[in-house]
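These notes concern the structure reproduced below.
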Amino acid sequence: MAIRSYDSTPLLHAAKHTVDSYVESGMVIALGSGRASGFAIQYLGQKIVSGALKDIVGVPTSISSASEAAKAGVPLDQYRDSSKIDLAFDDADVIEEETLAAVIGRQKMQGGESILEQKTILEAARKLVLIVTGKQYRGGVDGSIPVMIKAINWMDIAEEIDDLFLGDAEVWRRSSIGLVDPLGGDFPLITKEGHNVLDVIFTSPILNLADVADSLDQIDGVVEHGVIARIPCTVVIASEDGLLTVDNTLGLEGSKI
């Protein structure tokens, strides 16, 4: 039976549910980016200040999540290869219904942010929770997938990706500011690792996100991409009618709450 939200937005209700259901005292938590993650970080801070949660350490996945956490009073630490993360929560741009594969990184990045770092932290967590709206949870995913590539010979890499998805997608180099065009405009985005970001824009529904990820992984020069697939995760879906949780560790069985 669905519980209707009395909060100002369904995403706020979903964010609070995520913290209440999955966060426990003593945890190290990877803090995602986006509107829902921002709500969750603020609520997490309130519970820490009130004493309801203790000994929490937050590991930000981006500059924006670090800023939100600092304002909310969440103690922070940097991610290291040896870091043990109990839980990660994040927004996703879209979730594929059948598999719970997700796309992240469509939004404009701030200076110094990287999908490589974000995915590394999220995939290191023992449990991953993604928060989306009902419109973001669907079959037949289309739109863009960000792909981080080496800056050297970037046009050759982009051409190979274009050939891979010929007729199904357009490939644009992401710009940082100003003019947007297929070559990245006057100021192409350079990540802190020194890489370029391509937006592979699918104009028709993708049959399987995981297959797209596998194909991208085989291309020399591709460093990382915005597809999260084939890892255990829970999706919290916010709507005006209440919340729906879907867990691919339980055979993709959904349960309304």
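One residue stands out among those in the range 168-199 that are in a loop (DSSP other than H, G, I, E, B) and among the aliphatic types (A, V, I, L, M): the one that is farthest from VAL223 (Cα to Cα), which is LEU179. Evaluated against (1) more than 30 Å from TYR22 (Cα to Cα); (2) hydroxyl-bearing (Ser, Thr, Tyr); (3) in contact (Cβ under 8 Å) with a residue 40 or more places away in the chain; (4) in contact with a strand residue (DSSP E or B) (Cβ under 7 Å, 6 or more places away or on another chain), SER204 falls short on exactly one condition, (4).
Listed here are the residues, each with its yes/no results for (1) modelled with pLDDT under 95; (2) buried (at least 19 other Cβ atoms within 10 Å of the Cβ); (3) within 12 Å of ILE145 (Cβ to Cβ); (4) not acidic (Asp, Glu).
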| residue | (1), (2), (3), (4) |
| --- | --- |
| GLY167 | yes, no, no, yes |
| PRO188 | yes, no, no, yes |
| HIS195 | yes, yes, no, yes |
| LEU216 | no, yes, yes, yes |
| ILE231 | yes, no, no, yes |
| ILE237 | no, yes, no, yes |
| ILE257 | yes, no, no, yes |
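Among the residues of the range 25-77, those that are touching a helix residue (DSSP H, G or I) at 6+ places or on another chain (Cβ under 7 Å) and among the polar types (S, T, N, Q) comprise SER33, SER37, GLN42, THR61, SER62, SER65.
Determine whether GLN118 is outside the structural domain of PRO205 (by TED's automatic domain parsing), in contact (Cβ under 8 Å) with a residue 40 or more places away in the chain, out of contact with any Leu (no Cβ under 8 Å at 6 or more places or on another chain) and not in a loop (DSSP other than H, G, I, E, B). Yes, satisfied. For the range 169-186, taking the residues that are small (Gly, Ala, Ser) and within 22 Å of the chain's Cα centre (by Cα), the one that is modelled with the lowest pLDDT is identified as SER176. GLY58 meets each of the listed conditions (1) in contact with a Leu (Cβ under 7 Å, 6 or more places away or on another chain); (2) closer than 17 Å to ALA238 by Cβ apart from (2). Could you go through the range 173-186 and let me know if any residue there is farther than 30 Å from ALA14 by Cβ, out of contact with any strand residue (DSSP E or B) (no Cβ under 8 Å at 6 or more places or on another chain) and touching a residue at least 12 places away in the same chain (Cβ under 8 Å). No, every residue in the range 173-186 fails to be farther than 30 Å from ALA14 by Cβ, out of contact with any strand residue (DSSP E or B) (no Cβ under 8 Å at 6 or more places or on another chain) and touching a residue at least 12 places away in the same chain (Cβ under 8 Å).
Going by the structure shown, is ILE95 in the same structural domain as LYS119 (by TED's automatic domain parsing) and either touching a Leu at 6+ places or on another chain (Cβ under 9 Å) or modelled with pLDDT under 95 (or both)? Against the criterion (in the same structural domain as LYS119 (by TED's automatic domain parsing) and either touching a Leu at 6+ places or on another chain (Cβ under 9 Å) or modelled with pLDDT under 95 (or both)), ILE95 qualifies. In the range 139-162, the count of residues that are among the aliphatic types (A, V, I, L, M), part of a helix (DSSP H, G or I) and touching a Ser or Thr at 6+ places or on another chain (Cβ under 8 Å) is zero.
The values are calculated or read from the model by the stated rules, or taken from the named source; none is laboratory data. Note that the coordinates shown come from a computational prediction; the quantities given were computed from them, not determined experimentally. Quick reminder, even Gly has a Cβ in these numbers, built from the backbone with ideal geometry, and neighbours come from all protein chains shown.
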